[in-house]
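Bear in mind these aren't lab numbers, they're just calculated from the coordinates by the rules spelled out. Because the structure is predicted, anything quoted here is derived from the model rather than measured. Positions of Cβ are generated from backbone atoms using ideal geometry, with glycine treated the same way; all protein chains shown enter the neighbour counts.
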Amino acid sequence: MRDRVPVVVQTRGVRSTPARVLWVGAEAVVTCGVVLLLLVVHQLWWTNQQARAQATRQVHALEREWEGSPPVEGAPSVDESPSVAGTPAPVESAAAPPEARPEAAPSSTPRLSSAYAIIRIPRIGVTAPVARGVGKRSVLDRGYVGQYPGTASPGRPGNFALAGHRNTHGEPFRYINRLRPGDRIRVQTREREYEYVVDQVLAQTAPRDTGVIQPVPRSLVKPSYGYSAPGSYLTLTTCTPEFSSAYRLVVWAKLVR
C-alpha cells in the first residue's frame, strides 16, 4: 500500500482587523492630503491665473475702446460724474466686502462694478482695471481694483480710495508694502491720465479704521498717519499680513498732474 503524501494548500493571508483599520486610515489620510493640495493649488494658483487673464482682457478692451472712440466734446466725462451714492464702506470691505448692488445711471456714468479706468504702478509691475464698488464677486475676485463708494473720482479733489486683493484672485495689491515715498502711480481714464506720488505708508491698522478713506484721510487708530488739509489724494488699501485679513495696509499718494 502506497504511503499517502500530505497535500499542503496555500491560501492568501487575510490581514488582521487592526491591520485593515490602519490601512484604511492611511488611505483616508492620503486622499484628504491630495484633496487639500488640490484646493491650495486652486486657491493660490488657478484663481490668480483666471483673474489676471480676465483683468488683462479688460485693460486691453478699455485701451481699444478709448483709442477707437474719443470723448465727445462737451459731453459729461467720467471724472465729472458724481460719485456712486452712499457713505464710504469700512476699510474691512477690502478683504470681505458686501456685494455691490448695481444702480441705474446715465450712459456717461460708469455702471457699478464696470471698469472705467486703469491703474499702473511701475515699481511693483501692476497694471489693473479699476471699477466702481468693492464687491468680491463683481469686482475684486475678477482681479480688478475696486473704488470705495462715495469717494472722489480720479484727479478730483478729495480722496480717490481703492481696494484690492493681496493674495489670490489676481492679487494686484500683493506688493504695495514695497512702495516708498516718491514712487509714481498713474491712473488713466478715457479723458486723460493722472499721476500721483506716494507720500505715506501705514503698515498696519484696524479693519474698521474708516478714517483712512475719508475725503481728508487720517487714521482713527493711529492719528499721526494721514492729513489735516483738503487735497487730491489716492488711497490704496489691502489686507495684512499676507494670507490674513487681521489688519489693513494703507498707502497714500498725492496728485501731481
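Quick notes on this structure:
- The set of residues from the range 157-171 being farther than 25 Å from VAL256 by Cα, polar (S, T, N, Q) and either in contact with a Ser or Thr (Cβ under 7 Å, 6 or more places away or on another chain) or free of Cβ contacts under 8 Å to residues at least 60 places away in the same chain (or both) comprises just one member, THR168.
- In the range 172-195, the residues that are in contact with a Ser or Thr (Cβ under 9 Å, 6 or more places away or on another chain) and under 15 Å from ALA128 (Cβ atoms): PRO172, PHE173, ARG174, ILE176, THR189
- Only listed residue being closer than 24 Å to LYS136 by Cα and touching a residue at least 12 places away in the same chain (Cβ under 8 Å), chosen from GLN200, GLN204: GLN204
- If you filter the range 154-178 down to residues that are surrounded by fewer than 23 Cβ atoms within 10 Å (Cβ to Cβ) and over 16 Å from the mean Cα position of the chain (by Cα), you find that the one that is farthest from GLY231 (Cα to Cα) is ARG178.
- Residue list for the range 195-225, restricted to those being basic (Lys, Arg) and surrounded by fewer than 16 Cβ atoms within 10 Å (Cβ to Cβ): ARG208
- ARG192 vs. criteria basic (Lys, Arg), surrounded by fewer than 23 Cβ atoms within 10 Å (Cβ to Cβ) and under 18 Å from the mean Cα position of the chain (by Cα): no
- Leading residue by the ranking (nearest to ALA246 (Cα to Cα)) among those in the range 164-216 that are part of a strand (DSSP E or B) and among the charged types (D, E, K, R): ASP199
- Flag if ALA131 is small (Gly, Ala, Ser), surrounded by 24 or more Cβ atoms within 10 Å (Cβ to Cβ) and in contact (Cβ under 8 Å) with a residue 40 or more places away in the chain: no
- Hey, GLY150 out of contact with any Gly (no Cβ under 9 Å at 6 or more places or on another chain), of a type in the set (Gly, Ala, Ser) and under 26 Å from GLY231 (Cβ atoms) or not: no
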